[in-house]
Amino acid sequence: MGKVYVVGNFKGGVGKTKAVTMLSYVSAVNRHLKTLVIDLDPQGNATRVLAKTGNLSEISATITEGFESGDLRNSITHILPNLDLIGANTAFRNLTKILISKFPEDEDKQITYLNELLKPLRDEYDAIYIDVPPTISDYSDNAMLAADYCIIVLQTQELSLDGAQTYIAYMQYLADAYNNRLQVLGIIPCMLKPGGRVDNKVLQQARDLYGGNILDTIVKYQERLKVYDVEGIHMGTNYSGTQDGWDVKAHQVFIDVLNELETHKRVLEGGK
Ligand SMILES: Nc1ncnc2c1ncn2[C@@H]1O[C@H](COP(=O)(O)OP(=O)(O)O)[C@@H](O)[C@H]1O
Ligand SMILES: [Mg+2]
């Protein structure tokens with residue numbers, strides 16, 4: 001049965017959507033795992049990147065219809081072999097209204113709705129990645145309560161761990177209250193400014209707090225990763241038929257991240 005991963009931080013612009021789109025791509029294309037991305041952000045950034053990745057000019061079925069009808073199957077868009085998407089657009093800004101009209105005065109049902117909707121889909125995928133907006137909201141609650149694992153993105157150039165710390169604390173609160181299976185799978189150090197140095201003080205502070213949860217791989221600024229926002233994720237080949245070096249480098253860092261996360265998962269699941 002597939003595992004569900006939510007990528008989070010209560011801050012915007014830290015690299016959450018980049019991590020979701022790249023990890024899902026690597027999971028599907030390099031690992032050949034059947035992978036689904038669920039975009040829970042009404043801004044639809046992951047949706048746009050993946051639509052371009054699959055050369056689709058538009059995504060017709062979105063998550064909003066799935067939430068309204070009570071079945072997400074008709075909201076799935078096929079992107080690449082092994083990679084599917086449940087996309088979002090601005091219509092999904094009304095999530096709270098949809099939840100209240102479906103489950104008036106039943107807050108538990110409102111925040112566990114995605115978990116219910118995913119039940120029939122879990123068997124069909126090896127990995128399901130959820131992208132969320134950076135708020136404590138019905139979006140993050142539904143995502144966390146549907147997830148087995150949280151992957152946290154940590155901005156190493158920020159002078160504080162605020163967004164990540166708040167996220168982990170809130171996750172633990174929700175896990176205790178509603179979903180005991182939810183665990184932190186790993187914390188990805190990300191650095192989004194060009195030419196910057198990794199803030200070793202922040203990284204050390206994070207290691208003191210969260211120990212082995214912090215990945216050794218650091219996702220540094222790469223112009224090519226930025227370009228994928230506009231062009232979609234791709235692997236170019238040059239005139240001699242070899243793979244484009246910048247694409248290889250951009251993909252490799254997320255192959256490394258996924259490998260480390262897999263190792264953490266084996267440990268948490270009691271394997272070697
Ligand atoms: N490693 C990276 N190198 C270069 N640009 C990046 C990198 N990670 C993210 N970005 C860019 O930074 C911006 C914010 O990233 P995004 O993933 O959308 O953040 P979030 O989802 O947390 O708001 C985007 O324009 C994205 O392309
Ligand atoms: Mg985002």
> For the pair ASN55 and TYR170, what calculated FRET efficiency results from E = 1/(1 + (r/R0)^6), where r is the Cβ-Cβ distance and R0 = 22 Å, to the nearest 0.05?
Replying inline: 0.05
> Long-range amide H contacts for THR77: which residues qualify at under 5 Å (H placed 1.01 Å from N, peptide plane, sequence gap of 5 or more or a different chain)?
Replying inline: LEU85, ILE86, GLY87
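Full-extension gain between GLU262 and ASN30, please, as 0.36 nm times their residue separation minus the C-alpha to C-alpha distance. Spell out each step's value before the answer.
Working: separation 232, 0.36 × 232 = 83.52 nm, distance 1.39 nm.
In short, 82.1 nm is gained.
List the residue ranges in the chain for DSSP H helices whose C-alpha atoms run 30 angstrom or more along the long axis and whose Kyte-Doolittle average is -0.5 or above.
Details: long enough: 245-268 (34 Å, -0.18).
The answer, listed by residue number, is 245-268.
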> How big is the Rg/Rh ratio for the chain, C-alpha atoms only, Rh by Kirkwood, two decimals?
Replying inline: 0.95
>> Past 26 Å, Cα to Cα: identify those pairs from LYS11/LYS220; LYS193/LYS265; LYS52/LYS220; LYS52/LYS193; LYS52/LYS265, in the order given.
In response: LYS193/LYS265; LYS52/LYS265
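Over the chain, give the accessible area per residue in Å² for a 1.4 Å probe, as an integer. Each step should come with its number before you reach the end.
Values: 12310 Å² over 272 residues.
The answer is 45 Å² per residue.
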>> Give me, ordered by chain and number, the residues 5 or more places off TYR129 or on other chains with an amide H under 5 Å from its own placed amide H.
In response: TYR5, LEU36, VAL37, ILE38
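Apply 1/(1 + (r/R0)^6) to the Cβ-Cβ distance of VAL230 and ASP106, taking R0 = 45 Å, and write down the FRET efficiency to the nearest 0.05. Don't skip to the end; give the middle numbers.
Details: r = 42 Å, r/R0 = 0.94.
Calculated value: 0.60.
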>> Report the Cα centroid-to-centroid distance between segment 19-34 and segment 92-112 in angstrom, as an integer.
In response: 31
> Residues with amide H under 5 Å of ASP244's amide H, sequence separation 5 or more or different chain, H placed in the peptide plane at 1.01 Å from N; which?
Replying inline: GLY236, THR237, ASN238
> Efficiency by 1/(1 + (r/R0)^6): what FRET value for LYS201 and SER69, r their Cβ-Cβ distance, R0 = 41 Å, to the nearest 0.05?
Replying inline: 0.25
> For the chain, modelled as a GNM with alpha-carbon contacts under 10 angstrom, which of ILE187, ILE233, ILE100 fluctuates the most?
Replying inline: ILE100
> Cα centroid distance between segment 147-225 and segment 59-76, in Å?
Replying inline: 31
> Considering only protein heavy atoms and a 1.4 Å probe, what is the carbon-and-sulfur percentage of the accessible area of the chain?
Replying inline: 49
>> Could you tell me which residue out of GLY15, ASN200, ALA51 lies farthest along the dipole of the chain toward its positive end? Charges go on the beta carbon: Lys and Arg +1, Asp and Glu -1, centred on the Cα centre.
In response: ASN200
> Ordered by packing density, taken as the mean number of other Cβ atoms within 10 Å over each peptide's residues, highest first, how do 15-24, 241-250, 59-68 rank?
Replying inline: 15-24, 59-68, 241-250
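The values are calculated or read from the model by the stated rules, or taken from the named source; none is laboratory data. Bear in mind that the values here come from a model prediction, so they are computed numbers and not experimental data. Don't worry about glycine lacking a Cβ; one is built from the backbone with ideal geometry, like all the others, and counts go over all protein chains shown. Each accessible area value is taken on the protein alone, full model and side chains, heavy atoms only, with ligands, DNA and RNA left out. Shrake-Rupley method; radii C 1.70, N 1.55, O 1.52, S 1.80 Å.
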